[in-house]
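Report on one structure; see the data block that follows.
The values are calculated or read from the model by the stated rules, or taken from the named source; none is laboratory data. For clarity, every value in this text was computed on a predicted model and none was experimentally measured. Note that each Cβ is placed from the backbone with ideal geometry, even for glycine, and that neighbours are counted across all protein chains shown.
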Amino acid sequence: MPVRQLTEAVVNRIAAGEVVERPASVVKELVENALDAGATRIDVITEGGGRRRITVTDDGCGMGRGDLVLAVERHATSKLDDEDLLDIRTLGFRGEALPSIGAVAKLLITTRHAEEPHAWALAVEGGRKGEPKPAALAQGTRIDVRDLFYATPARLKFLKAERSETEAIRDVVRRLAMARPDVAFTLAGEERAPVTFPAAEATLLGHDGAASGRLTRLADVLGADFAQNAVPVRGGRDGLSVVGFAGLPTFNKANSLSQYLFVNGRPVRDKLLFGAVRGAYADHLARDRHPVVALFVDVDPREVDVNVHPAKAEVRFRDAGLVRATIVRALMDALALGAGRAASTGGGATLAALRPRTGAPQAGGRPAGAATGWTVPRRLGWDWRGSPARPPAAAGHDAADQDTVEQALPDGFTEPAQAVFDVGPPSADARATAFRHDDAAAGDADDRPLGAARAQLHENYIVAQTRDGIVIVDQHAAHERIVYERMKAALADGGIARQLLLIPAVVELDEADVERLAARAEELAGFGLVLEAFGPGAVAVRETPGLLGRLDVGALVRDLAEHLAEWDSTLPLERRLLHVAATMACHGSIRSGRRLKPEEMNALLREMEQTPNAGQCNHGRPTYVELKLSDIERLFGRT
């Protein structure tokens, strides 16, 4: 087949296929043009998920007749002063948006420049341009797009349902609104009620109030929960700036869709940036949970290439290592500021769980518990011994005879002694252990962030009273974080102290697990765990970390072997070592089912207040839930 020159119409449609993927792409291009034109208010109206109609109106600078005619030509732009593509300071610069849209839809542009006596209108249908005509418009530009892809009907088959396309448009507007809190946005359409994001007040946009204005807009877009559970992020070096807000680790999601990243005001979905966020939160979240963040990266335009993707959704940094390190450090510093906080949404979930509910219908048709409003428990006579969090069986005994072992041991010895909080034998054996306290001392403790301990429930939950509410603490999760942070501090100071076992513990394992552990023996020794291969199917443990006290060596070694098998070869060594520390901390913590004395409970609360990241355990779960007195009063109908 001979080489031939494509027609202008085909060229435009090929270009449109790169720029205009779906209705949301049209909205993105038009709103970015409005922002580059200096608009302070942008209105977006859609019909049929954007397929039938998209209208974007702004109050920007507008265009004169000559500029309007050129604007619909390919590669015509007002956003480049010269031919330097390394100095991009606007959201758009390719000059392909309007001609690409006009090639696949019916496009009508109405615009008025301040120096023009009236507005001008220009229509483009399927790539065919009309003549500019006088029109009526007070200020700015209005662009009306109808029958998207009518000129390329095959593309319609690849569009999703109207609801899905509408949601994609909404996401585009939300992201651009987050980037520009100084601009008012309105999104309306037949599919949903209008959504308005008012511009932040001028007092919030000055040098001192920029963060406040940004948080106000983020609260409007992401909801009040984000504002209540976010900490400010600020960092940078070598001309790179990172600001924004990061959600507390306990305020997390099941996917990464709530991570909003911006580079020089441009919303992007970049793998490098997502990886940096994941690395910063790796010490706080479980693998299947994702943080909620809004980060704004500002860098010299010459240090970032925004021309690597037709839709400008991805970027490439000249110094990717600097960007990643700066983001990770800024996020870690921000999380350290909110280290003692747990998400406020936990209290709401707790209230929802405590509200009286009607039980399931009985045989007679009357709901169980209808007279009192209480839900009938699904299983009566609950005992912590049946919980998944039950302490492991003592060495040399299986689960079946564990109860016999516990009865044979004195009180307080069903679990290894905890050196940190060992103040004597436990108090009375009761499912809910309450105690009397010194009023004067308690008054001081009530003013502490986590209050004064009042009771222990089910040998796992500490109930503390604060000045304006109560706090419920998961003793195992809280102590796990304390031990973990101590291990990290000891590692930073040169290593973890060891304790020599009089008789080495021999743990039987698969040969593959033995090989993995033996290969990492030197790294594990840095954590105080000294082991060596003991034949083809066992390891001998000679020393254990002193911080952990007495522990089930076999269970610890087996867990470590499982984690080693799951390690990704690309995972940095530091992250691997922290996984080891987290596993050890879990085994060296106060177990569920251990009764604590009042002094032990209060000591745990005070340790939590002084420990970084005490609001969540190593797996990302909250260590405590706080209920304000006002919430409790609402629960009982007092307000």
Query raised in the report: Restricting to strands (runs of 3 or more DSSP E) lying wholly in region 110-151: which have 3 or more residues that are closer than 20 Å to Val44 by Cα?
Result: 119-125, 140-146
Report task. Please tell me if Ala325 is part of a helix (DSSP H, G or I), at pLDDT 90 or above and over 30 Å from Ile101 (Cβ atoms). Result -> yes
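Tally up the residues in region 494-509 that are out of contact with any Phe, Trp or Tyr (no Cβ under 7 Å at 6 or more places or on another chain) and surrounded by 14 or more Cβ atoms within 10 Å (Cβ to Cβ), please.
7
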**Report entry** Flag if Val514 is in a helix (DSSP H, G or I), modelled with pLDDT of 85 or more and over 30 Å from Ile632 (Cβ atoms)
**Finding:** yes
Query raised in the report: Among all residue pairs at least 6 apart or on different chains, which show Cβ distances below 7 Å where the first residue, located in region 144-171, is in the same structural domain as Leu30 (by TED's automatic domain parsing) and the second is of a type in the set (Phe, Trp, Tyr)?
Result: Arg155/Phe149; Leu156/Phe149
Query - Residues that are within 20 Å of Leu215 (Cα to Cα) and assigned to a loop (DSSP other than H, G, I, E, B), drawn from region 162-201 - result: Arg180, Pro181, Asp182, Val183, Pro198, Ala199, Ala200, Glu201
Query raised in the report: For Asn602, are the conditions met, namely being more than 25 Å from Arg289 (Cβ to Cβ), of a type in the set (S, T, N, Q) and in contact (Cβ under 8 Å) with a residue 24 or more places away in the chain?
Result: yes
Query raised in the report: Restricting attention to region 277-300, and to residues there that are out of contact with any strand residue (DSSP E or B) (no Cβ under 9 Å at 6 or more places or on another chain) and buried (at least 16 other Cβ atoms within 10 Å of the Cβ), which single residue is modelled with the lowest pLDDT?
Result: Asp283
**Report entry** Residues that are within 35 Å of the chain's Cα centre (by Cα) and more than 18 Å from Glu562 (Cβ to Cβ), drawn from region 491-545
**Finding:** Leu491, Ala492, Asp493, Gly494, Gly495, Ile496, Glu522, Ala525, Gly526, Gly528, Pro545
Report task. Restrict the check to region 616-623 and report whether at least one residue is under 25 Å from the mean Cα position of the chain (by Cα), of a type in the set (Lys, Arg) and modelled with pLDDT under 80. Result -> yes
Query raised in the report: Any residue at all in region 127-148 that is among the small types (Gly, Ala, Ser), surrounded by fewer than 21 Cβ atoms within 10 Å (Cβ to Cβ) and touching a helix residue (DSSP H, G or I) at 6+ places or on another chain (Cβ under 8 Å)?
Result: no
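I need the full set of residues from region 510-519 which are surrounded by 16 or more Cβ atoms within 10 Å (Cβ to Cβ) and over 14 Å from Leu556 (Cβ atoms), in order please. Steps first, please.
Taking region 510-519 as the starting set, the residues that turn out to be surrounded by 16 or more Cβ atoms within 10 Å (Cβ to Cβ) are 513-514, 516-517.
Selection gives Val514, Arg516.
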Query raised in the report: Of all the residues that make up region 236-256, how many are over 10 Å from the mean Cα position of the chain (by Cα) and surrounded by fewer than 18 Cβ atoms within 10 Å (Cβ to Cβ)?
Result: 5
